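Visitor: Attaching a single structure in structure tokens format; questions to follow.
Every number in this text was worked out from the coordinates using simple rules, so none of it is lab data. Owing to the predicted nature of the structure, the values given are computational and were not obtained by experimental measurement. Every residue, glycine as well, gets a Cβ built from its backbone with ideal geometry; the counts of neighbours run over all protein chains shown.
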């Protein structure tokens with residue numbers, strides 16, 4: 001069954017790139033640049049939602065495909081939006097659009113740098129592109145586009161430390177890209193193709209040529225570096241903390257998810273047989289990440305840095321869920337990824353808003369102590385975000401946590417589950433601690449400066465974008481049904497990798513090309529092999545009853 | 001031919017890693033570029049010499065053409081590695097002006 005041709009798949013990639021070019025032409029007018037960027041971001045967001053809806057409409061195997069330049073599949077680059085890619089792209093483009101909305105009312109000096117908005121849009125294009133692409137080399141190209149544009153934005157940040165963080169990141173991330181490229185070259189040598197679907201076909205025969213497994217492991221390591229999983233995380237807190245607020249919001253919430261997307265894509269379609277080993281590694285790394293991230297977040301004296309460390313911990317939760325690997329656990333991982341993106345970007349932008357109230361734009365907790373005393377609205381938003389991150393009932397974080405715990409109980413790995421729940425408590429502690437510091441303390445008396453410019457005409461950033469994101473968190477918490485259903489469908493599609501492979505290759509099969517023996521049979525119509533088990537997220541079954 | 005490429009790739013990997021781990025940021029950037037070139041060389045070895053005649057020419061009847069995909073990949077990879085190298089050198093240049101040193105041990109204000 002062929003995937004449906006759908007030119008909208010091109011939208012989330014081409015619109016931001018076009019917008020970036022337009023922004024470069026408008027470099028004389030910073031205001032107009034920001035507006036054009038926002039429009040491009042919203043249009044990309046719309047396109048990605050259209051793709052997701054088309055995917056849903058087409059039922060369980062509706063994979064949307066666009067063949068670049070009209071080339072038939074094994075010869076040209078193909079963009080594939082299956083449910084996983086479409087869902088991730090919607091998440092990414094919504095957060096990028098929120099970041100661009102924040103840029104509109106942001107007073108950081110670096111945003112006036114003429115290349116800043118084009119770089120932001122390029123980051124968005126790279127993000128969507130790396131989700132949609134069905135070709136490993138194009139994946140590398142989009143990943144590099146994303147990395148390089150984020151490096152530019154951090155290097156010009158207002159904080160003078162941004163440059164140092166950018167140098168650190170560009171070297172470490174460069175090593176990741178190098179491993180990825182090496183893996184791509186090795187896979188190409190082995191299988192003679194770059195299309196993910198064909199590689200999945202070749203792996204599905206069960207044969208393992210000499211270079212295939214090392215290549216796939218290089219992929220995994222590269223992805224772990226890109227998503228800052230604990231032994232490879234050294235760049236992340238510095239790089240994210242020094243980034244300008246809107247960029248930090250995007251980096252810490254969706255850019256780190258690209259690596260996770262790569263891991264899911266790889267373990268589900270190529271490395272099905274090596275899955276057990278990889279999953280054990282992921283569980284161990286995830287647990288280390290949960291505790292390392294949580295404990296360092298507790299002792300950090302900078303609100304932005306704390307959230308960056310918190311991302312380490314949250315990525316740990318996601319990795320544990322992927323490591324459990326049951327269908328339910330993958331559902332949990334997807335829900336977690338989706339919800340965390342909104343919570344974390346909302347919280348980060350709120351922190352940026354609060355930090356913009358002091359003249360130094362510092363996010364140091366000692367500078368922030370009590371600075372939010374009068375800001376009732378922001379205080380409530382921050383508390384909601386913090387509670388959502390910790391997984392307190394009415395908000396969407398609760399849904400992620402419930403699905404995670406439920407899937408852990410499903411695979412009966414009680415020790416890991418206990419550690420995960422204990423790690424979840426750390427989130428509660430560090431979020432409430434920061435909230436108290438910022439919003440509940442008495443502001444320190446300005447004793448040293450008698451001529452303190454108490455009512456200087458200082459403009460602070462607008463809390464509109466984070467308010468929308470936090471509102472999305474609340475809505476996703478109350479009306480969680482659609483997301484859960486969608487995640488179930490996605491997980492079911494992940495569980496049958498032949499759908500992805502055959503949707504892309506159907507055209508090739510019809511034109512009479514042969515597939516390797518013993519691989520997925522793409523000739524007949526396809527059904528999802530295992531009927532998706534309904535997920536009683538809210539009905540906690542008591543074992544043994 | 002492939003033995004030659006294997007040896008060359010190995011030597012360049014060694015040199016690249018050695019340079020990358022040095023304290024001098026400019027030398028580290030050079031190491032980064034050497035490593036990328038080593039990977040490019042590996043990719044070239046992956047398919048460029050399988051054929052006997054160039055691809056997309058009228059000599060196709062004379063034998064197996066060499067793989068054009070590898071050449072396309074290489075061109076892209078070279079552009080990307082050159083671009084990253086330029087970006088790194090630019091960053092190192094600014095940091096050298098700011099810290100008046102390219103020693104990575106003196107560029108260490110980020111803590112916490």
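Visitor: Please go through the stretch B:87-112 and pick out each residue that is within 15 Å of the chain's Cα centre (by Cα) and within 10 Å of chain A (Cβ to nearest Cβ).
Guide: Those that are within 15 Å of the chain's Cα centre (by Cα) and within 10 Å of chain A (Cβ to nearest Cβ): B:87, B:88.
Visitor: Taking residue A:313, is it farther than 14 Å from residue A:430 by Cα and assigned to a helix (DSSP H, G or I)?
Guide: No.
Visitor: Also: Any residue at all in the stretch B:93-108 that is touching a residue at least 24 places away in the same chain (Cβ under 8 Å), touching a helix residue (DSSP H, G or I) at 6+ places or on another chain (Cβ under 8 Å), over 27 Å from residue A:155 (Cα atoms) and surrounded by 19 or more Cβ atoms within 10 Å (Cβ to Cβ)?
Guide: Looking for residues that are touching a residue at least 24 places away in the same chain (Cβ under 8 Å), touching a helix residue (DSSP H, G or I) at 6+ places or on another chain (Cβ under 8 Å), over 27 Å from residue A:155 (Cα atoms) and surrounded by 19 or more Cβ atoms within 10 Å (Cβ to Cβ), one finds none in the stretch B:93-108, hence no.
Visitor: Please go through the stretch A:285-325 and give me each residue that is surrounded by fewer than 24 Cβ atoms within 10 Å (Cβ to Cβ) and either within 14 Å of chain B (Cβ to nearest Cβ) or without any contact (Cβ under 8 Å) to a residue 12 or more places away in the chain (or both), ordered by number.
Guide: Passing the criteria: A:296, A:298, A:299, A:300, A:301, A:302, A:305.
Visitor: Got a sec? Which helices (runs of 4 or more DSSP H) wholly within the stretch A:135-220 have at least 1 residues that are facing chain B (nearest Cβ under 8 Å), under 22 Å from residue A:79 (Cβ atoms) and without any contact (Cβ under 8 Å) to a residue 60 or more places away in the chain?
Guide: Of the helices (runs of 4 or more DSSP H) lying wholly inside the stretch A:135-220, those with at least 1 residues that are facing chain B (nearest Cβ under 8 Å), under 22 Å from residue A:79 (Cβ atoms) and without any contact (Cβ under 8 Å) to a residue 60 or more places away in the chain span A:136-155, A:162-191.
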